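One structure is given below, encoded as structure tokens.
The values are calculated or read from the model by the stated rules, or taken from the named source; none is laboratory data. As the structure is a computational prediction, the values presented were derived from the model and not from experiment. Neighbour counts are summed over all protein chains in view; Cβ atoms, including those assigned to glycine, are modelled from backbone coordinates with ideal geometry.
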Amino acid sequence: MAEFSRRDFLKLGGAAFLGIAAGRFLPLDDEPNFTAPLIWHGSRKFRTIAFTYDDCYLLHRMQNLEALLNRFPSFQVTFFPVGAKILDLERQDPGLWNRLVERGHEIGYHTYDHVNIGVMSPAGAIKDFDKWQKTLNQVLGRDYPVRFVRPTYDIISYTLDVLCQERGLVAALFSIGGGGDPQVVVPAIKKSKGGDIVQMHIRSQDYLSSEQAFPWLLENDWELVTLSRLYDDYLKEKVNPKGCEHEFGSPLARACLD
Ligand SMILES: [Zn+2]
């Protein structure tokens with residue numbers, strides 16, 4: 001990314017630049033055999049955290065989480081539903097996914113039936129993704145630009161790599177993992193670093209952990225952002241190491257960590 005001057009960045013503008021950057025972006029440190037973009041966390045310079053919720057199996061738990069999120073309108077999160085449940089929950093509660101997207105939340109791929117991507121063939125995984133994408137487009141009534149995949153069972157594999165390259169996806173792992181009971185999870189969240197990605201599921205204990213963590217996060221000036229926002233900030237930091245310079249323009253004027 002070093003070859004991009006600040007002027008180049010300003011000339012290109014946000015969307016165009018990020019499109020190019022995503023294609024050139026190298027994966028982070030410890031997955032040398034994985035060539036597609038892969039993130040464990042975002043920029044450490046911003047006071048932002050990305051909460052992610054996997055699977056999304058049960059309607060009443062999704063509705064409870066939606067109600068909780070509505071109490072924190074500045075907070076945005078990312079859901080990783082399996083395709084079968086996108087359809088099932090939509091049938092039970094028409095408009096659910098559109099309501100979440102309209103509130104600024106993001107949706108990412110987590111396979112159609114929660115199969116381990118590592119045991120699929122690359123062709124099978126691409127087919128599965130396309131089926132999942134078609135289902136999401138169908139319930140939303142429009143083409144939805146999916147950017148992230150949370151691999152099932154958190155397994156990084158050759159097939160995942162090929163899928164990411166073929167469909168332009170970023171593999172999103174996490175830096176605070178698994179969710180669980182509030183007495184374990186909430187203290188971990190209170191020790192968050194900027195750019196952390198938190199993995200949760202749609203489970204009662206993860207709901208309780210979110211319910212207890214959200215007020216603390218708001219009071220302590222943490223911003224809950226989508227993975228897209230986290231990743232875009234990360235890419236911008238690659239161009240401008242300081243990330244939050246004032247003269248660099250308003251899109252980068254984030255609350256910077258010391
Ligand atoms: Zn899962």
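For this structure, a couple of remarks:
- Top-ranked residue of region 72-123 - restricted to ones that are charged (D, E, K, R) and free of Cβ contacts under 8 Å to residues at least 40 places away in the same chain, ranked as farthest from the ligand (Cβ to nearest atom): 102
- Count of region 202-226 residues, restricted to those that are surrounded by fewer than 17 Cβ atoms within 10 Å (Cβ to Cβ), closer than 21 Å to residue 42 by Cα and in contact (Cβ under 8 Å) with a residue 60 or more places away in the chain, is 2.
- Failed criterion for residue 192 (all others in (1) more than 16 Å from the ligand (Cβ to nearest atom); (2) part of a helix (DSSP H, G or I); (3) in contact (Cβ under 8 Å) with a residue 12 or more places away in the chain hold): (2)
- So residue 72, is it hydrophobic (A, V, I, L, M, F, W, C) and touching a strand residue (DSSP E or B) at 6+ places or on another chain (Cβ under 6 Å): no
- Of all residues in region 137-155 being hydrophobic (A, V, I, L, M, F, W, C) and in contact with a strand residue (DSSP E or B) (Cβ under 7 Å, 6 or more places away or on another chain), the one that is nearest to the ligand (Cβ to nearest atom): 149
- For residue 205: the one exception among (1) at pLDDT below 75; (2) within 16 Å of the ligand (Cβ to nearest atom): (1)
- Applying the condition of being part of a loop (DSSP other than H, G, I, E, B) and among the hydrophobic types (A, V, I, L, M, F, W, C) to region 37-67 and asking which residue is farthest from the ligand (Cβ to nearest atom) yields 40.
- Selection within region 167-188 - of a type in the set (A, V, I, L, M) and either within 16 Å of the ligand (Cβ to nearest atom) or surrounded by fewer than 22 Cβ atoms within 10 Å (Cβ to Cβ) (or both): 169, 170, 171, 172, 173, 176, 184, 186, 188
- Residue match in region 125-136 (condition: hydroxyl-bearing (Ser, Thr, Tyr), over 27 Å from residue 59 (Cβ atoms) and modelled with pLDDT of 95 or more): no
- Residues in region 115-143 that are part of a loop (DSSP other than H, G, I, E, B) and surrounded by fewer than 16 Cβ atoms within 10 Å (Cβ to Cβ): 115, 116, 121, 141, 142, 143.
- Enumeration of residues in region 68-112 that are among the charged types (D, E, K, R) and either touching a Gly at 6+ places or on another chain (Cβ under 7 Å) or part of a helix (DSSP H, G or I) (or both): 85, 88, 90, 91, 99, 102
- In region 154-166, residue surrounded by the fewest Cβ atoms within 10 Å (Cβ to Cβ) [restricted to those that are in a helix (DSSP H, G or I) and in contact with a helix residue (DSSP H, G or I) (Cβ under 8 Å, 6 or more places away or on another chain)]: 158
- Among the conditions (1) assigned to a loop (DSSP other than H, G, I, E, B); (2) farther than 16 Å from residue 80 by Cα, the only one that residue 174 does not satisfy is (2).
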